[in-house]
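J.: I'd like to ask some things about the structure below.
The values are calculated or read from the model by the stated rules, or taken from the named source; none is laboratory data. Fair warning: this is a prediction, and the values are worked out from it, not measured in the lab. Every residue, glycine as well, gets a Cβ built from its backbone with ideal geometry; the counts of neighbours run over all protein chains shown. In case anyone asks, the SASA skips ligands and DNA or RNA and just uses the protein heavy atoms, side chains included. Shrake-Rupley method; radii C 1.70, N 1.55, O 1.52, S 1.80 Å.
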Amino acid sequence: MLKRARSPSPPSDDDSKTSEPSTISKRPHTTSSDDDFEPTKSSTIPKKIIKSTTTKPPVTPSPSSAASSDVLSDGIRFLNFLENDEADGFCHDIILDSNALELIKKKNCEGWRRRDLAKLKGFNGRDGEFFKRWLECLINPDYIDNPPTAHPKFHVSLTGRFSSILNAANRFYKKTNISGFGMSSHHVVLRAKEQKQLPPLSNERASYTGSHLCDSTGCLRKEHLELELLSFNLSRKVCPGVMLLVVGDTITDVYPCVHGRTHPKLETDGDELEYACRKENARLDQSIFHAIFHSFAQMIRRHNDPRIMQLALIILVLTKGFSSNSGSSEPILDDGIAVYRAQNFYTELLWKYLEARYGHGNAIDIFNKLVMHFISWQTLHKDMAHNFFNVLTPAEVNELLPIMKSLIHIPQKK
């Protein structure tokens, strides 16, 4: 797997930026809304046809269902004080109050208009209409082109406008002597989705946050919200998203992003698309490798700097094994340490070049995007090698040029 230079993570756009206020805020209401949502049910997405790697990340500790109340903000304490049916009613009120619509952000649907995406055919229920719904945020229209700098918040008080929780607010006051406080809208939706108490949410690296899979500030759709560690949440910001291979008017293959393939909850339930970043890149009549390379080339063109591509491709070719299949052998590799040192040299050279030309903050952003593209290439490369292995005979494998054997990395047939 690719060795990346050490660098700080970019600042998050999610709720990890600020903690819940402990006292009532004086800001005006900035919430958004739509139809009622039922509590999220188990995904009905079929699992069979997703291209996947068996690589699993280290097990991530689950948030405590009974977090210590002395480290919780007043808003989270109140949400944990609610019964599940009260949390559902509160979520319904928040959505209605937000004037939200089902909309797709342009950057989350690369190269497609919404009505064109819906016309695509598919397989096993995964057609264009499915992916249109999968991408749709529940968000105030004003936030699509002008996203707020912070997640919308509102006030809760003993005489507030949310009738579903007036009773609970008075009970909470009698128990805690807290009569008013502020909270984030999407935390209410997250509490209704989880149907259990929330842990402390903060911007500490090892803490949990309410992560938006769609990377859309202000989205209130339950399916787009997950309780995740801050480090996992931050890495979604630079993820290219799910890859769709489109031939003609038909989706022929689906490649979930690395977050969907390695999400901790896959250990117990769900499937890869459920936890993947709600962004997609689709290319018409092109290979999935071309789709990824096109996305990579677009990033390079935005900076108008071919040196980034030159150095990045050298690093990718020098990646040991190239494929994400770490258990495969490399019979033509004579000196793995020399290759590792060469890759480290060019990786450090790329980092120093980015930092010198674009500054420390921009260098972090560009480098993280490159790493995410490399991971996508490695995973798809493994699938391609597996397909070649099934199609080619041993004699045909032996006839391949050494450079092709090294790059494609087809396992030896016996």
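J.: Condition (residue is assigned by the TED database to the domain that holds ILE375 and modelled with pLDDT of 85 or more) applied to the range 314-323: is it met by at least one residue?
T.: First, pick out the residues of the range 314-323 that are assigned by the TED database to the domain that holds ILE375: 314-323.
Still in the running and modelled with pLDDT of 85 or more: 314-315.
Yes - at least one qualifying residue is present in the range 314-323.
J.: Collect the residues in the range 151-163 that are farther than 26 Å from VAL242 by Cα and surrounded by 13 or more Cβ atoms within 10 Å (Cβ to Cβ), keeping them in residue-number order. Step through it out loud before you land on a result.
T.: Taking the range 151-163 and keeping what is farther than 26 Å from VAL242 by Cα, we get 152-163.
Correct list: PRO152, LYS153, PHE154, HIS155, VAL156, SER157, GLY160, PHE162.
J.: Give the range 168-187 a look and list any residue that's part of a loop (DSSP other than H, G, I, E, B) and out of contact with any Phe, Trp or Tyr (no Cβ under 7 Å at 6 or more places or on another chain), or say none.
T.: Within the range 168-187, the first condition is being part of a loop (DSSP other than H, G, I, E, B), and the residues that meet it are 177-179.
The answer is ASN177, and nothing else.
J.: Looking at LYS175, is it over 13 Å from SER216 (Cα atoms), among the basic types (Lys, Arg), touching an Asp or Glu at 6+ places or on another chain (Cβ under 6 Å) and open to solvent by 40 Å² or more (accessible area, probe 1.4 Å)?
T.: Working: over 13 Å from SER216 (Cα atoms): yes; among the basic types (Lys, Arg): yes; touching an Asp or Glu at 6+ places or on another chain (Cβ under 6 Å): no; open to solvent by 40 Å² or more (accessible area, probe 1.4 Å): yes.
Criteria not met by LYS175.
J.: What are the residues in the range 324-367 that are part of a helix (DSSP H, G or I), at pLDDT below 85 and among the acidic types (Asp, Glu), if any?
T.: ASP365
J.: Is it fair to say ARG221 is of a type in the set (Lys, Arg), open to solvent by less than 20 Å² (accessible area, probe 1.4 Å) and not assigned by the TED database to the domain that holds ASN368?
T.: Numbers: of a type in the set (Lys, Arg): yes; open to solvent by less than 20 Å² (accessible area, probe 1.4 Å): yes; not assigned by the TED database to the domain that holds ASN368: yes.
In short, yes.
J.: Output the number of residues of the range 224-256 satisfying the condition of being surrounded by fewer than 21 Cβ atoms within 10 Å (Cβ to Cβ), among the aliphatic types (A, V, I, L, M) and free of Cβ contacts under 8 Å to residues at least 60 places away in the same chain.
T.: Total meeting the criteria: 1.
J.: Okay, next question. Yes or no: the range 273-282 includes at least one residue that is modelled with pLDDT under 70 and closer than 30 Å to LYS119 by Cβ.
T.: Filtering the range 273-282 for residues modelled with pLDDT under 70 gives 281-282.
Subset that is closer than 30 Å to LYS119 by Cβ: 281-282.
Yes, the range 273-282 has at least one match.
J.: For the range 203-218, what are the residues that are buried (at least 24 other Cβ atoms within 10 Å of the Cβ) and charged (D, E, K, R)?
T.: Within the range 203-218, just ASP215 meets the criteria.
J.: Considering only the range 68-134, give the helices (runs of 4 or more DSSP H) lying wholly within it that have at least 2 residues that are modelled with pLDDT under 90 and under 26 Å from ASP271 (Cα atoms). It would help to see each step written out before you state the result.
T.: Working: elements: 74-81, 84-96, 114-118.
The qualifying helices (runs of 4 or more DSSP H) are 114-118.
J.: When you go through (1) under 20 Å from the mean Cα position of the chain (by Cα); (2) more than 20 Å from ASN84 (Cα to Cα) one by one for THR159, which number turns out not to apply?
T.: If we test THR159 against (1) under 20 Å from the mean Cα position of the chain (by Cα); (2) more than 20 Å from ASN84 (Cα to Cα), just (1) comes out false.
J.: So, one more: Could you please give the count of residues in the range 175-211 that are hydroxyl-bearing (Ser, Thr, Tyr), within 16 Å of PHE162 (Cα to Cα) and within 21 Å of the chain's Cα centre (by Cα)?
T.: Taking the range 175-211 first, the residues hydroxyl-bearing (Ser, Thr, Tyr) are 176, 179, 184-185, 202, 207-209, 211.
Those left that are additionally within 16 Å of PHE162 (Cα to Cα): 179, 184-185.
Still in the list and also within 21 Å of the chain's Cα centre (by Cα): 184-185.
Count: 2.
J.: Further question on the same structure: Would you pick out the residues in the range 301-315 that are assigned to a helix (DSSP H, G or I) and open to solvent by 40 Å² or more (accessible area, probe 1.4 Å)? Walk me through it before giving the result.
T.: Of the range 301-315, the ones assigned to a helix (DSSP H, G or I) are 301-303, 306-315.
ARG301, ARG302, HIS303, PRO306, ARG307, MET309, GLN310, LEU313, ILE314, listed by residue number.
J.: Would you please name the residue that is nearest to LYS222 (Cα to Cα), looking only at residues in the range 188-202 that are part of a loop (DSSP other than H, G, I, E, B) and open to solvent by less than 30 Å² (accessible area, probe 1.4 Å)? Give the derivation first.
T.: The first filter runs over the range 188-202 and keeps only residues part of a loop (DSSP other than H, G, I, E, B), leaving 195-200, 202.
The next check asks that each one be open to solvent by less than 30 Å² (accessible area, probe 1.4 Å); those that pass are 198-199, 202.
Numbers: LEU198: 15, PRO199: 18, SER202: 20 Å.
Ranking the qualifying residues of the range 188-202, first place goes to LEU198.
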